[in-house]
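Please treat every number below as a calculation from the coordinates, not as lab data. From a predicted model like this one, the values you see are computed outputs, not experimental measurements. FYI the Cβ positions are ideal-geometry reconstructions off the backbone, even for glycines, and counts take in every protein chain you see.
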Amino acid sequence: MSTNIERFAYDNKIVKQFAIATALWGAVGMLVGVIIALQLVFPVLNFDFPLTTYGRLRPLHTNAVIFAFVGNGIFMGVYYSLQRLTKARMWSDKLSRIHFWGWQLIIVLAALTLVFGITTGKEYAELEWPIDILITLIWVVFGLNMFMTIIQRRERHLYVAIWFFIATWVTVAMLHIVNSFELPVSLLKSYSWYAGVQDALVQWWYGHNAVAFFLTTPYLGLMYYFVPKAANRPVYSYRLSIIHFWALIFLYIWAGPHHLLYSSLPDWAQSLGTVFSVMLIAPSWGGMINGLLTLRGAWDRVREDVVLKFMVVAVTAYGMATFEGPMLSLKNVNAISHFTDWTIAHVHVGALGWNGFLTFGMLYWLIPRMWKTELYSRKLANWHFWIGTLGIVLYAVPMYWAGWRHNEMLTQFTEDGRLQYQFLDMVKGMQGFYLIRSLGGVLFLVGVIFMIVNLWKTAAAGSFVADEAAEAPALAKRVEIHGKEHWHRVIERRPVQMLVLALVMVAVGGIIEMIPTFLIKSNIPTIAEVKPYTPLELEGRDIYIREGCYTCHSQMVRPFRAETERYGEYSKAGEFVYDHPFQWGSKRTGPDLAREGVGNNKKSNSWHYNHMADPTSTSPTSIMPRYPWLLTNKIDEGMTPAKIRAMITLGVPYPEGFDQLAVEDMHKQAQTIYDDLKASESQLLLGEDGLAPDQEIIALIAYLQKLGHDIDVHNNNTTAAK
């Protein structure tokens, strides 16, 4: 029987483009990470300039590392491996180019908008609605190109890496679309469609699974391709691959609520998140074992082959992070870790070790092959490996220690039952850890620079093959099965059915967790005393979000003695029904602000004014940036009526026609705060323009004084439900 051999060429040009973008954006993202790490030690590095404050640079860092560095790394690996696994060129070179340039445009727009304070205020989903739409379109372009390539394949069965690529595409699409429901107010401003507890549940359903299906599943697919290739060994276990894949994608989607333990989220949802998070360790470690045991018989090569060194550490870091994740979802452990630097250490073991080192290994493997040459310097690559490994250790270990120390200081009482430490004592106690963490980040960045130089020299010494010649038999229209076939082989021949089945598997968890939270009113009991934000308070809240204050301050008092003694009555679900978006935070670099306007936490208007002008004037050891522009910028009154109308559309019970009265109402409240400040003007650190009632600082003060004000903590009058 004759075999019809077809000749074609793999497109290496698109792989090259994504490889260059991966290296360059990686350096940029890590440089910003080093800067913000140093800002927590040397606040002067905020430069008293809006575009360079920690609150604006921190979202830039996370987005640059996740979507620019890791995102381009995913596409680099997928475009290279998919063509070879399907024995087919990408379906459309034009779509490949649209995807590449569209993704780079998204990254540039993200960088510009974030530093200018144009943000939704939702972690890992800060980009405003026009960019969200662009992300959706480019993701569809990528998916269309990928699936058409799979459909025109010359290899009948889909290799395990492709299963993970399919699950990644369909799940990220679902997560992005659901979480990005927002009501536009203008081209650069929107409000989340969800509020309070519901917004928190949707956000962390998205946030946790952005880690799962953007930072994990595609990289597992790349692990299943590049580790066997680099080791020249087959995957250890096909059956383990099947269990790993289906169990992982089903269990992962339920785990989001473990980010909200001891919060105002209903207890049943918290428990579901914990149970499924604990179960996740089984498929996660199944994948790690499959990856490491693929190297059986090749361990001697690991000592000599720098690519394998990077990959072994990457898979090991994946195992460490996926053991720690379930552990952190246990309530007794989460009570210690949440809001502390322990979480930061955990995240960076995954980001630097798993994503970073696997990406570096892929780059060191790919570039010499596409340029048909040897790596310029193995010695320099080894230096990169050891400097990068030391950087991870110096980053993570101080953060683990800082997390424990923070919690110990937070919960320590004196013999007479008083809190032993003020929050500023904890801030001061973290400085040494932050300095060592910064050194670790610098070392990791230096390693990346070594890699860029090494790969650039490698490419200069070789000759790039843009179209790599290949040949393979055409895919037979019918296939004869001899003997008993494994049941999963049937699914592997049907990519569309696999996509639909994967979508069902990942959608179930989200549906079961979200629908009761949205439809059963008893899950979110309301509180009669809680009133909508006034127009001035709403403007102040938008300024708070613009400046990235949520990156350092939480607004969620948990039901622990140390927290209620320090901050006031623990938080209730009904307090947040008008919060679009919620602002519970995930890290306390500064104190919690949920009760900032009441009780022992309440401070005068002049205190807040001076604190924003120069934090050290009120809190001598503060590491908060100065915000002098708030003392000169004017409130944008032109947007206020539109914001009120948007809130009415979202269900906030403002009186009919209130949008027409909003500016007048804002003037009245602003004048009251202005008059109070005017009375103590001689004590204020005035800005260049002096004191005026239309300055942004007035709106921010109004918002801060609102926090907790509707809840009468002294009378414990927080249970009067409507």
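Output the pairs from Lys309/Lys587; Lys87/Lys372; Lys87/Lys457; Lys531/Lys602; Lys602/Lys668; Lys94/Lys457 with a Cα-Cα distance over 26 Å in this structure; if there are none, say none. Show your work: numbers first, answer last.
Working: Lys309/Lys587 33 Å; Lys87/Lys372 20 Å; Lys87/Lys457 30 Å; Lys531/Lys602 19 Å; Lys602/Lys668 22 Å; Lys94/Lys457 30 Å.
Pairs exceeding the cut-off: Lys309/Lys587; Lys87/Lys457; Lys94/Lys457.
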³J(HN,Hα) computed for each position of the range 513-529 - Karplus, 6.51 cos²θ - 1.76 cosθ + 1.60, integer Hz, glycine/proline x: 7, 8, 4, x, 5, 8, 9, 9, 4, 5, 6, 10, x, 8, 10, 4, 6
If one compares the long axis through the Cα atoms of helix 13-39 with the longest principal axis of the Cα atoms of the chain, the angle in degrees, nearest 10, works out at 30 degrees
Along each principal axis, Cα extent of the range 431-532, largest first, Å: 72, 58, 28
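Find the all-direction average of the projected area of the Cα convex hull for the range 1-107, expressing the result in square nanometres with one decimal place. Kindly include the intermediate steps, with their values, before the conclusion.
Working: hull surface 32.1 nm².
Its Cα hull, projected and averaged over all orientations, spans 8.0 nm².
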Taking the Cα atoms of the range 106-174, what is the range of coordinates along each of the three principal axes, in descending order and whole Å? 49, 18, 17
Fraction of beta bridges assigned by DSSP in the chain that are antiparallel (%, nearest 5): 95 percent
Spelling out what I want: for every residue of the range 421-437, take phi, set θ = phi - 60°, compute 6.51 cos²θ - 1.76 cosθ + 1.60 (Karplus), and round to whole Hz; glycine and proline get x. 10, 7, 4, 5, 5, 5, 4, 5, x, 8, 4, x, 5, 5, 5, 5, 4
Any idea how far the Cα center of the range 557-586 sits from the one of the range 32-68, in Å? 27 Å
Expressed in nm to one decimal, what extension gain is obtained for the pair Glu688 and Asp93 from 0.36 nm per residue of sequence separation less their Cα-Cα distance? 208.6 nm
Using only C-alpha atoms and all pairs of different ones, pull out the Kirkwood radius for the chain in Å with one decimal. 27.0 Å
Computed FRET value (nearest 0.05) for Glu529 with Ile243, which takes r as the C-beta separation and R₀ as 56 Å: 0.60
Please list, ordered by chain and number, the residues whose modelled amide H lies under 5 Å from the amide H of Glu182; skip anything fewer than 5 residues away on the same chain. Trp193
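I'd like the projected area of the range 201-288, averaged over all directions, using the convex hull of its alpha carbons. Report it in nm² with one decimal. Can you show the working numbers first?
On the way: hull surface 22.8 nm².
With the hull built on Cα positions only, its mean projection is 5.7 nm².
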Which far-off residues, 5 or more places away or on another chain, put their amide H under 5 Å from the one on Ser190, with H placed in the peptide plane? Val185
For the chain, the longest principal axis of the Cα atoms and the Cα long axis of helix 71-86 enclose an angle in degrees, to the nearest 10, of 20 degrees
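For Leu424 and Arg84, what does the FRET efficiency come to when R0 = 56 Å and r is the distance between their Cβ atoms, rounded to the nearest 0.05? Mind dumping the intermediate values first?
Numbers: r = 57 Å, r/R0 = 1.02.
E(calc), rounded to 0.05, equals 0.50.
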Computed lengthening from Gln671 to Glu637, 0.36 nm per intervening residue step minus Cα-Cα distance: 10.8 nm
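Can you check what the Kirkwood hydrodynamic radius comes to for the range 476-578, Cα pairs only, in Å to one decimal? Let's see the in-between values first.
Numbers: mean 1/r = 0.0510 Å⁻¹.
Hydrodynamic radius (Kirkwood, Cα pairs) of the range 476-578 is 19.6 Å.
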Using a basic spin-label model with each label point 7 Å from the Cα along Cα→Cβ, how many nm lie between Glu6 and Leu112? 4.2 nm
Using alpha-carbon coordinates, inclination of helix 238-252 to the longest axis of the chain, degrees: 20 degrees
No solvent, one uniform scatterer per C-alpha: report log10 I(q)/I(0) for the range 535-706 via the Debye equation at q = 0.10, 0.14, 0.17 1/Å, two decimals. -0.40, -0.79, -1.15
Within straight-line cross-link reach of Lys189, lysines at Cα separation under 19 Å, skipping those fewer than 8 residues along the same chain: Lys122, Lys634, Lys643
Residue by residue through the range 330-344, the couplings from Karplus 6.51 cos²θ - 1.76 cosθ + 1.60 with θ = phi - 60°, in Hz, x for Gly and Pro, are 6, 4, 5, 7, 4, 4, 7, 7, 5, 6, 10, 6, 4, 4, 5
Can you compute the FRET efficiency between Leu144 and Phe518 using 1/(1 + (r/R0)^6), with r the Cβ-Cβ distance and R0 = 35 Å? Round to the nearest 0.05. 0.65
